[in-house]
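Q: Below: one structure in C-alpha cells.
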Amino acid sequence: MFRILAAMVGIVLLAMPASAQVAPFPAAFRTQQIATNGTTIHVRIGGKGPAVVLLHGYGETGDMWAPLAADLVRDHTVIVPDLRGMGLSSKPKGGFDKKTQGGDVAGVLDALKIEKTGLVTHDIGNMVGYAFAALHRDRVTKFVLIDAPLPGVGPWEEILKNPLLWHFRFGGPDMERLVAGRERIYLDRFWNEFSATPSRFTEASRRHYAALYAKPGAMHAGFAQFAAFDQDAIDNKAFVAAGKLTMPVLALGGEKSFGLTMAEVMKFAASDVRGAIVPDSGHWIMEENPAATTKLVRTFLDTKP
C-alpha cells in the first residue's frame, strides 16, 4: 500500500487551522498539500525525532489534534493529515473504503521519506489506521486507537444495533439535499449526543468544523466514509484472517463512551493490547479532556517495548 508518491504540490505555510476559531498548531508546524493515490491530502508536519501520525475522525479534522501535537512535537516528528474528502484535503468522488485511505497515509509518508511511524487515531481514523497497519505491519511501531470500533471486527454486529449509530446508514443524494445549508444542525447532534459534557465542545469549535463540512463535496465525502463500512468489514475480516497485529496497541475509550470495550474489540485484531479509559469524557476526547488524553498517549509512546 506504500505507493511511491506521484507528485507533491502546494506552498509551505504556517500550520494554522482553516479559521481562527480553534487553537492553532504550534508555529513549529508547516502545512503541505501532498498529491497521492488519486487525491490530495492536506498535511501538517512539525518537529524532529521518531515519527507519529495522528488521524482524526468524522465531525472534526486534523485540527482536533492541536493540543496533543503541541506536546509530541517536542521530541517527535508529528504528521497530521486531513482524511480524503475532509477538512482541507481534496474531495474525490470515491476511494472512501479504509483500505484505499490507508494508501493515502502511505503516500504521505513516502512523500516525507518516513519509513516507520507510530499511529494515534480517533473514530474513523481508527479504521484508516488499522488498514494501514494491517498492510504495513513492519512500518508501525506503536498504535493508539481511540473510541470507535472496527467494521467486521469482534462485536461489530452487536455494536451496529445501538440506536445512537443511526448515522452509519444515513447517506445518499436525498440526505445530502436535506443537510445542505444545515450542516451545523446535523453535526450538533453528534457533538451533543456523544459528549459527556456537550459544553466542552465549544461554540468556536462548532463554528469552525461546521464551516469546513459546509465546503462543496465535504458532506458527500462524510456520508461516503460510512457507506464504505460494508466493504471495510470484508477487508478487515481478511486482515484478521492474515494474523493479528503484533506491535504494541493501546485501546482508549471515553469513560462515558466506549470505555474498556475498545480493548475488547482490539483483542480480536492485535496480540499485544492494553486498555485504558479517558476519564470524564465522552467520545470527543480532545475537546472534553485533552490533558488526560495527552498524558495517556505520551506515556504509552514513551514506554520502552
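The values are calculated or read from the model by the stated rules, or taken from the named source; none is laboratory data. This one's a predicted model, so the numbers in the text were calculated from it and none came from an experiment. Every residue, glycine as well, gets a Cβ built from its backbone with ideal geometry; the counts of neighbours run over all protein chains shown.
Q: Identify, by number, the condition in (1) surrounded by fewer than 24 Cβ atoms within 10 Å (Cβ to Cβ); (2) of a type in the set (F, W, Y); (3) in contact with a Pro (Cβ under 9 Å, 6 or more places away or on another chain) that Y58 doesn't meet.
A: Y58 satisfies all of (1) surrounded by fewer than 24 Cβ atoms within 10 Å (Cβ to Cβ); (2) of a type in the set (F, W, Y); (3) in contact with a Pro (Cβ under 9 Å, 6 or more places away or on another chain) except (3).
Q: Can you confirm whether segment 124-132 contains a residue that is over 13 Å from the mean Cα position of the chain (by Cα) and in a helix (DSSP H, G or I)?
A: Looking for residues that are over 13 Å from the mean Cα position of the chain (by Cα) and in a helix (DSSP H, G or I), one finds none in segment 124-132, hence no.
Q: Give me a count of the residues in segment 288-305 that are without any contact (Cβ under 8 Å) to a residue 60 or more places away in the chain, of a type in the set (D, E, K, R) and within 30 Å of E203 (Cα to Cα).
A: Qualifying residue count for the region: 1.
Q: Okay, moving on. In segment 45-92, what residues are over 17 Å from F143 (Cα atoms) and aromatic (F, W, Y)?
A: If the condition is that a residue be over 17 Å from F143 (Cα atoms) and aromatic (F, W, Y), then Y58 is the only one that fits.
Q: Report yes if some residue within segment 253-264 is under 26 Å from G85 (Cα atoms) and over 18 Å from the mean Cα position of the chain (by Cα); otherwise report no.
A: Checked against the condition, which is being under 26 Å from G85 (Cα atoms) and over 18 Å from the mean Cα position of the chain (by Cα), segment 253-264 yields no hits at all.
Q: Which residue, of Y186, Y209, is hydroxyl-bearing (S, T, Y), buried (at least 17 other Cβ atoms within 10 Å of the Cβ), in contact with a helix residue (DSSP H, G or I) (Cβ under 7 Å, 6 or more places away or on another chain) and within 17 Å of R84 (Cα to Cα)?
A: Of Y186, Y209, the one residue that is hydroxyl-bearing (S, T, Y), buried (at least 17 other Cβ atoms within 10 Å of the Cβ), in contact with a helix residue (DSSP H, G or I) (Cβ under 7 Å, 6 or more places away or on another chain) and within 17 Å of R84 (Cα to Cα) is Y209.
Q: Considering (1) aliphatic (A, V, I, L, M); (2) closer than 27 Å to E193 by Cβ; (3) out of contact with any Phe, Trp or Tyr (no Cβ under 7 Å at 6 or more places or on another chain), say which one V80 fails and leave the rest.
A: All conditions are met except number (3).
Q: Oh, and also: Wholly within segment 244-305, which helices (runs of 4 or more DSSP H) include no fewer than the required count, namely at least 3 residues that are within 28 Å of A233 (Cα to Cα) and hydrophobic (A, V, I, L, M, F, W, C)?
A: Helices (runs of 4 or more DSSP H) meeting the threshold: 261-266.
Q: I would also like to ask the following. In segment 171-212, what residues are in contact with a Gly (Cβ under 9 Å, 6 or more places away or on another chain), among the hydrophobic types (A, V, I, L, M, F, W, C) and part of a helix (DSSP H, G or I)?
A: Scanning segment 171-212 gives L187, F190, W191, L212.
Q: With the requirement that a residue be surrounded by fewer than 17 Cβ atoms within 10 Å (Cβ to Cβ), hydrophobic (A, V, I, L, M, F, W, C) and either more than 30 Å from A134 (Cβ to Cβ) or modelled with pLDDT of 95 or more (or both), what does segment 153-183 give you?
A: M175, L178, A180
Q: Starting from segment 103-124, keep only residues that are within 19 Å of T299 (Cα to Cα), then list their pairs with residues that are assigned to a strand (DSSP E or B) and β-branched (V, I, T) whose Cβ atoms are within a distance under 6 Å, requiring at least 6 positions of separation or different chains.
A: Every condition considered, the pairs that remain are T117/V53; G118/V52; G118/T141; L119/V53; L119/V140; V120/V144; H122/I146.
Q: Mind checking which pairs have a first residue in segment 208-226 that is under 14 Å from P92 (Cβ atoms) and a second that is among the basic types (K, R) and modelled with pLDDT under 95, Cβ under 9 Å, 6 or more apart or different chains?
A: From residues that are under 14 Å from P92 (Cβ atoms), the pairs are G217/K93; H220/K93; A224/K93.
Q: What is the one condition in (1) more than 23 Å from E287 (Cα to Cα); (2) crowded, with 23+ Cβ neighbours inside 10 Å that A35 does not satisfy?
A: A35 satisfies all of (1) more than 23 Å from E287 (Cα to Cα); (2) crowded, with 23+ Cβ neighbours inside 10 Å except (2).
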